[in-house]
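Asker: If you scroll down you'll find the structure; I have some questions about it.
Just so you know, all these numbers are worked out from the coordinates, no wet-lab data involved. Owing to the predicted nature of the structure, the values given are computational and were not obtained by experimental measurement. Counting neighbours? That spans all protein chains shown, and the Cβs are built from the backbone with ideal geometry, glycine included.
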There are 2 protein chains.
Amino acid sequence: MLLCTRIAKALADDTRLRALASLGGGELCVCQVIALLGLAPSTVSRHMAVLDQAGLVEKRKVGRWAYYRMARKSPEPAVRNALRWVVDSLGSERVIRQDAGKLERIRQKPLQITARCYACA
Amino acid sequence: MLLCTRIAKALADDTRLRALASLGGGELCVCQVIALLGLAPSTVSRHMAVLDQAGLVEKRKVGRWAYYRMARKSPEPAVRNALRWVVDSLGSERVIRQDAGKLERIRQKPLQITARCYACA
DNA sequence: ACTATACTTCGTCAATCAACGAAATATAGG
DNA sequence: CCTATATTTCGTTGATTGACGAAGTATAGT
């Protein structure tokens, strides 16, 4: 499969685009993305794995916590340009801005609180 | 569905990316794309329709012939940037360059010849 | 060591998708 | 008008996908 195809496949889903866009403001813990999206942890974990395999995000594990960030420094121009395209294009979308607002609140809580009750975000 | 998602879905397939990239050198007739890809006409027609519905290409019908070109002048920035991303990223792919070579030969034949025998390309 | 917890992997189900061939549509040419 | 032809639409089929919950892994705290 072409690299472009792999990247496009990773981007070809509303939920994954929201997850990726949520990282625009900086690194997030998986539990914060789960709280944002309101989906099952297993589902979100899978989505992040797909983004990771496409090279669009980078993962950092600290104890039990997993952090993801946009792969803005990727050696692949295709990845960097895809990220630019996504960030530019999604900025004007209603859902994405709503997410940004919700994220502001999520970021203010300690991770433990967020992980304790995802729905309480 | 987000506009970005629709675009990414349209790009999330090797065959469709090849079809789109083939338009990089200018407008093509559907029969030329069929000859290039070596797939059933109905399949190629469907792929072009998907690209069209995502706004990535524009269609022009002249008699029985259908011509497609990249929608480089699209009013949607998301579309224009997606096209730039694709063109930039696919240029270095082996298959795409092979296709470009094959296209050179296809372009030299009259459309009637190409349409008469797709496999003869 | 034992337990709680953060995340991932796996199995399943319904929905979507790409491919094809057959049939439909539409246009050109006799 | 009638036929040939370029493309599209439709129906089918096998493969992929996204969702979930259950089970597994790994780490922190007691």
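Asker: Please report, for A:Ser45, the nm distances (one decimal) from its label point, 7 Å out from Cα along the beta-carbon direction, to the equivalent points in the remaining copies, shortest first.
Answerer: Ordered by increasing distance: 4.7 nm.
Asker: Run through the other copies and list how far each one's label point is from that of A:Arg60, in nm with one decimal, shortest first; the point sits 7 Å from Cα along Cα-Cβ.
Answerer: 5.2
Asker: In chain A, if the dipole is taken from +1 on Lys/Arg beta carbons and -1 on Asp/Glu beta carbons about the Cα centre, which of A:Trp65, A:Ser22, A:Val44 is farthest to the positive end?
Answerer: Working it through, the farthest residue towards the positive pole turns out to be A:Trp65.
Asker: I would also like to ask the following. Give the range of the longest stretch in chain B that excludes all trypsin sites (Lys or Arg not before Pro) found in loop regions by DSSP and having at most 15 other beta-carbon atoms within 10 Å.
Answerer: The segment B:1-63 is the longest one with no such site.
Asker: In debye to the nearest 20, how big a dipole does the protein assembly as shown give about its Cα centre with +1 on each Lys and Arg Cβ and -1 on each Asp and Glu Cβ?
Answerer: Using Cβ point charges on Lys, Arg, Asp and Glu, the protein assembly as shown gives about 20 debye.
Asker: Still on this model: In nm, what does the list of distances from B:Gln112 to its counterparts in the other copies look like, shortest first, when each label sits 7 Å along Cα to Cβ?
Answerer: 8.2
Asker: Moving to a separate point now. For each cysteine in chain A, check whether another cysteine's C-beta sits under 4.7 Å from its C-beta; list those where none does.
Answerer: Those would be A:Cys4, A:Cys29, A:Cys31, since no other cysteine Cβ in chain A comes under 4.7 Å of theirs.
Asker: Here is a follow-up. Working from Cα positions, state the angle (0 to 90°, nearest 10) between the long axis of helix A:41-53 and the longest principal axis of chain A.
Answerer: Taking Cα atoms only, the helix is inclined about 30 degrees.
Asker: Give the separation of the Cα centroids, the range A:37-79 to the range B:44-121, in Å.
Answerer: Rounded to whole Å, the Cα centres lie 33 Å apart.
Asker: Another question about this same structure. Give me, ordered by chain and number, the residues 5 or more places off A:Ala66 or on other chains with an amide H under 5 Å from its own placed amide H.
Answerer: Long-range HN contacts for A:Ala66: A:Val30, A:Cys31.
Asker: What dipole magnitude, in Debye to the nearest 20, does the range B:3-120 give about its Cα centre under +1 on Lys/Arg Cβ and -1 on Asp/Glu Cβ?
Answerer: 320 debye
Asker: If each DSSP helix of 4+ residues adds -39,500 (n - 2.57) and the sum is divided by the residues in chain A, what number results at 222 nm, nearest 500 deg cm²/dmol?
Answerer: Value at 222 nm, helices only: -18500 deg cm²/dmol.
Asker: Where does the charge balance sit around A:Asp14 when Lys and Arg score +1, Asp and Glu -1, over other residues with C-beta under 13 Å from its C-beta?
Answerer: Net local charge, A:Asp14 excluded: +2.
Asker: When all alpha-carbon pairs of chain A are counted, what percent fall beyond 24 Å?
Answerer: 21 percent
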